[in-house]
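**Student:** Let me give you the structure first, and then I'll get to my questions.
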Amino acid sequence: MAAPSTDLDSTVTDDAPAAYRDLMERYARVSHLESGSGVLYWDQQVTMPTGGTAARGKQLAALSATTHEKLTSDGMADALDAAEDANLDDERAANVREIRRRHERNSSVPESLVEELTEQQSASQQVWKEAKADDDFDRFAPTLETLRNLHVERAEAIDPDRPAYEVMYEDGEPYLPLERLEEVFEELKAGLVPLIEEIAESDRDLASPFVAAGPYDDDTQRGLSEAVLDLLNYPDDRGRLDVSAHPFTSGNQFDARITTRFKPEDPMDAFTATVHEFGHASYELGLPDGRFGEPLGASLSSGVHESQSRFWENHVARTEPFWEGFVDEANDHLGTDATAREAYEAVNQIYPDNRIRVEADELTYHLHIILRCEIDRAFVEGDIGVSEIPEVWNAKMDDYLGVVPETDAEGCLQDIHWSSRFAAFQGYTIGSVLAAQLDHAMREDLGDVDALIREGDLGPLWEWMTEHVHRHGRRYPTDELVAEATGEPLTAEYFLDYVEEKFGELYDL
């Protein structure tokens, strides 16, 4: 991929109507404050000493309150009205549309609630870490219940006439109806459950060349992560790799930082996590520089974001052509002698008895997600109380995957997400479905994508994604973006075809 420019000049040029320029100047302040909050969040997860939690909560709360005030001010409302009356082209109109949506969605939420919720979210991060480390759900339960109540209060302020969960869902997926998500979930359960059962009954054992050679120290695994990031063209001047309890990506088109984590016995866990987070960073880095601070310079939704991480993780780094080109590099770092086929099998094994979502394979992963979404919704809607979550979690794990966590740390405490938000897990599955659809469209356009992957010529793949997804920012609603990129609406068909073909061959079904 070509090196990104360093131009930060806004595309809000002098020829734009004065009302539009006024609106975009106001919104840029909102966007930059949010970007600053993101850096503070990254610091809290990566470098901040644990004693800084209380102060960090106050800092983030103050920033969120200021951001909210500017977004919902009378001045912003007047600027929106004036801009909507101006003669705007499609791109400028899209900016105004997105600002209007955010303004209206937040105007009825009290600033005091925004501040309280932000401070509680920050404090809950440390409570969750300690509760997980000590396998003590009761320690986290009061905090979790408080967070739920605050999120429900916020949702009811936004729209008291709709279910709170539906309103929360739209924070991450503003343009994909909840009903469509439910349809996708049903299609996936119908296709994945019998496929997983076939694999479980198969007598085909896949290779595990990296397990026996362990354990691997952090420096060794970091070296492997850095090697694959070099292959992926991750730019040193706009990104960095760090370690955190839960891998994540934070940033924008100028500064997209990723984290991973290391397991001594399984170097492929950190390897795939690093590639996954690179996928998120590729989206941020592919956004247009000149749109920084505008909706057209921001990512669209959690599902679209996840499609980028899932594409690079599953449709690139888990393919046989990738390992045909990369296995020697991996062997050099790990001191192993795996063949390309063995490495390919190692990163694609199906583990129906796995209890941990972030360690789940490409198929059972989505049952982990569906389980979380169901518990998430039941808790938000009051159908289950906080004290019931561990029992309900274990029952659903037994029902969907035939395995029960031995501890809450590997059960309902394993994910960081509930310490900040609800109705968010679905983005992972939407992303996997969309990634397969994008992969199909890319192969139609570029031809022999496998050859590019095998040769390590990955720039054309990133450039294709930038052209069809990244550069649009929030110009299109989700359904329109998918249609623009692939020529058809979102469908689970390509994902199901892809996994049936891939794992049918791997497990000789």
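The values are calculated or read from the model by the stated rules, or taken from the named source; none is laboratory data. What you are looking at is a predicted structure, and each value in this text was computed from that prediction instead of being measured. Positions of Cβ are generated from backbone atoms using ideal geometry, with glycine treated the same way; all protein chains shown enter the neighbour counts.
**Student:** Any residue in segment 251-263 that is within 20 Å of Glu173 (Cα to Cα) and in the same structural domain as Glu480 (by TED's automatic domain parsing)? Walk me through it before giving the result.
**Tutor:** In the first step, residues of segment 251-263 are kept if they are within 20 Å of Glu173 (Cα to Cα); the result is 251-252.
Cutting the leftovers down to in the same structural domain as Glu480 (by TED's automatic domain parsing) gives us 251-252.
Within segment 251-263 (the criterion being within 20 Å of Glu173 (Cα to Cα) and in the same structural domain as Glu480 (by TED's automatic domain parsing)), the answer is yes, since at least one residue qualifies.
**Student:** Right, something else. Select from segment 392-407 the residues that are assigned to a helix (DSSP H, G or I) and within 16 Å of Ala141 (Cβ to Cβ) and list them in ascending order.
**Tutor:** First pass over segment 392-407, keeping only residues assigned to a helix (DSSP H, G or I): 392-401.
Within segment 392-407, Val392, Trp393, Asn394 qualify.
**Student:** With the requirement that a residue be touching a residue at least 24 places away in the same chain (Cβ under 8 Å) and among the small types (Gly, Ala, Ser), what does segment 194-221 give you?
**Tutor:** Step one: filter segment 194-221 for residues touching a residue at least 24 places away in the same chain (Cβ under 8 Å), giving 195-196, 198-200, 202, 204, 206-211, 213-218, 220-221.
Listed by number, the residues that qualify are Ala200, Ser202, Ala207, Ser208, Ala213, Gly214.
**Student:** While we're on this one: Quickly run through segment 374-391 and pick out the residues that are farther than 22 Å from Asp135 by Cα and in contact (Cβ under 8 Å) with a residue 60 or more places away in the chain.
**Tutor:** Taking segment 374-391 and keeping what is farther than 22 Å from Asp135 by Cα, we get 374, 377-378, 380-383.
Passing the criteria: Arg377, Val380, Glu381.
**Student:** Do we have Phe326 as surrounded by fewer than 23 Cβ atoms within 10 Å (Cβ to Cβ) and assigned to a loop (DSSP other than H, G, I, E, B) here? Spell out the reasoning first.
**Tutor:** Working: surrounded by fewer than 23 Cβ atoms within 10 Å (Cβ to Cβ): yes; assigned to a loop (DSSP other than H, G, I, E, B): no.
No: the conditions fail for Phe326.
**Student:** Return yes or no: is Gln414 modelled with pLDDT of 95 or more, crowded, with 19+ Cβ neighbours inside 10 Å, within 21 Å of the chain's Cα centre (by Cα) and assigned by TED's automatic domain parsing to the domain that holds Ala378?
**Tutor:** Details: modelled with pLDDT of 95 or more: no; crowded, with 19+ Cβ neighbours inside 10 Å: yes; within 21 Å of the chain's Cα centre (by Cα): yes; assigned by TED's automatic domain parsing to the domain that holds Ala378: yes.
Answer is no for this residue.
**Student:** Could you go through segment 370-391 and let me know if any residue there is part of a loop (DSSP other than H, G, I, E, B) and under 23 Å from the mean Cα position of the chain (by Cα).
**Tutor:** First pass over segment 370-391, keeping only residues part of a loop (DSSP other than H, G, I, E, B): 381-385.
Subset that is under 23 Å from the mean Cα position of the chain (by Cα): none.
The answer is no; no qualifying residue exists.
**Student:** Exactly one condition in (1) under 18 Å from Leu33 (Cα atoms); (2) not in a helix (DSSP H, G or I) is false for Glu98; which is it?
**Tutor:** Result: Glu98 fails condition (2) only.
**Student:** Looking at Asp255, is it under 19 Å from the mean Cα position of the chain (by Cα) and of a type in the set (Asp, Glu)?
**Tutor:** Values: under 19 Å from the mean Cα position of the chain (by Cα): yes; of a type in the set (Asp, Glu): yes.
Yes.
**Student:** Out of all the residues in segment 212-226, which are under 23 Å from the mean Cα position of the chain (by Cα) and small (Gly, Ala, Ser)?
**Tutor:** Answer for segment 212-226, where residues must be under 23 Å from the mean Cα position of the chain (by Cα) and small (Gly, Ala, Ser): just Ser225.
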